[in-house]
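Nothing in this text is a laboratory measurement; each read-out follows from the coordinates by a stated rule. Note that the structure is predicted; figures quoted are calculated from it, not measured. Ideal geometry is used to build each Cβ from the backbone, glycine not excepted, and the neighbour counts take in all protein chains shown.
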Ligand SMILES: Nc1ncnc2c1ncn2[C@@H]1O[C@H](COP(=O)(O)OP(=O)(O)OP(=O)(O)O)[C@@H](O)[C@H]1O
Ligand SMILES: [Mg+2]
């Protein structure tokens with residue numbers, strides 16, 4: 001069974017095609033980078049996979065873990081069941097500021113606990129232990145009882161990953177999860193995504209602006225331009241010329257974090273481009 005299956009997905013905003021006949025398939029357990037210049041459609045694609053947008057695509061189909069998310073612009077009636085299998089790590093607004101870190105992470109269980117209990121935010125001892133274990137796994141259990149608003153950006157991103165673990169997500173969608181983080185926090189967040197992928201068998205689709213990080217963490221890369229998938233294949237097959245054309249001239253230099261910023265081994269493609 002495919003973890004993610006997108007066929008013929010299109011979405012226009014006014015006259016602009018944000019998604020143009022997108023086809024994409026991820027096997028369970030794959031970790032795939034989504035790259036492309038600003039405005040190429042990465043966030044729109046991730047949103048349409050999530051089932052959180054109104055069913056407003058122009059056409060096409062999305063399945064996650066074999067279950068229908070949307071078809072021809074209509075969200076599946078039972079999308080909640082699919083959504084329970086999807087963890088989200090977005091650039092910001094990941095957590096509820098006034099709740100503690102632990103409670104935020106335990107919201108990953110809300111699809112499982114009875115409504116009367118979830119409203120009171122009462123979690124059982126076992127559930128709390130599960131939350132603390134997940135926080136420990138991403139290295140932030142010391143902060144469990146702090147309000148989310150008091151955490152750094154990187155800690156908040158790791159909390160979102162812990163929430164996906166508690167939830168038992170099979171697919172993690174991450175939209176520029178390291179966009180506003182310093183290099184060390186970026187590395188930790190990417191390491192955690194890689195671990196969720198490797199140790200928990202989650203399929204991970206992560207949009208990234210930094211091409212070198214995409215190449216370092218993901219064997220497979222999907223590149224978008226003007227709403228279309230223009231490359232889908234092994235990271236090793238991305239040529240400097242292609243990347244240059246994807247980002248265009250100077251913007252390419254911005255997209256590639258200098259190797260000195262992160263303790264990275266930039267791929268041959270990036271070294272050749274330098
Ligand atoms: N709600 C919206 N209303 C109108 N246009 C939109 C909306 N959301 C996205 N778009 C347009 O759709 C296109 C794709 O946007 P999207 O946010 O998916 O790009 P992106 O690849 O995520 O860019 P970035 O790297 O800057 O995050 C852009 O041209 C954008 O202006
Ligand atoms: Mg975006």
Q) Which of the peptides 228-239, 170-181 is most tightly packed, and how do the rest follow, judged by the mean count of other Cβ atoms within 10 Å per residue? A) 170-181, 228-239
Q.
With a cut-off of 8 Å between alpha carbons and a minimum separation of six or more residues, what is the relative contact order of the chain in percent?
A. 24
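Restricting to the chain, what percent of DSSP beta bridges are antiparallel, rounded to 5?
Details: 26 of 43 bridges.
Antiparallel: roughly 60 percent of the beta bridges in the chain.
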Q. Hey, with R₀ at 22 Å, roughly what FRET efficiency would residue 179 and residue 54 work out to, going by the Cβ-Cβ distance, to 0.05?
A. 0.30
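Round to the nearest 0.05 the FRET efficiency obtained for residue 81 and residue 16 when R0 = 22 Å and r is the Cβ-Cβ distance.
Numbers: r = 32 Å, r/R0 = 1.48.
E between residue 81 and residue 16, to the nearest 0.05, is 0.10.
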